[in-house]
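A quick write-up on the structure given underneath.
The values are calculated or read from the model by the stated rules, or taken from the named source; none is laboratory data. None of the values given here were measured: they were computed from a predicted structure. Methodologically, a virtual Cβ is constructed for each residue, glycine included, from the backbone with ideal geometry; neighbour enumeration extends over all protein chains shown.
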């Protein structure tokens, strides 16, 4: 019996404002070094909300976590 493969989650597009913020803070390399699932989760978390203020709040948390290292979505992460 062959293993059942789950469909992969849709890959999220990176909005220009996220790309610009990563570049401005010098965090693009740290973002790119994260595992693909984390990069996609961050983008989904930012993209799925409707309010601009919430998008910016999520973006700020992502940037702070990348800058600090060892944190992913408010949880300790050993990368």
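Tabulated values for the structure
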| item | result |
| --- | --- |
| Tally, over the stretch 13-36, of residues that are within 17 Å of residue 73 (Cα to Cα) and assigned to a loop (DSSP other than H, G, I, E, B) | 3 |
| Test: residue in the stretch 56-66 that is assigned to a helix (DSSP H, G or I) and touching a strand residue (DSSP E or B) at 6+ places or on another chain (Cβ under 7 Å) | yes |
| Residue tally, condition touching a residue at least 40 places away in the same chain (Cβ under 8 Å) and within 17 Å of residue 43 (Cα to Cα), over the stretch 67-79 | 1 |
| Lone unmet requirement of (1) at pLDDT below 95; (2) under 10 Å from the mean Cα position of the chain (by Cα) for residue 18 | (1) |
| Residue in the stretch 2-10 that is touching a helix residue (DSSP H, G or I) at 6+ places or on another chain (Cβ under 9 Å) and part of a helix (DSSP H, G or I) present | no |
| Filter result (exposed (fewer than 12 other Cβ atoms within 10 Å of the Cβ) and in contact (Cβ under 8 Å) with a residue 12 or more places away in the chain) within the stretch 16-36 | 35 |
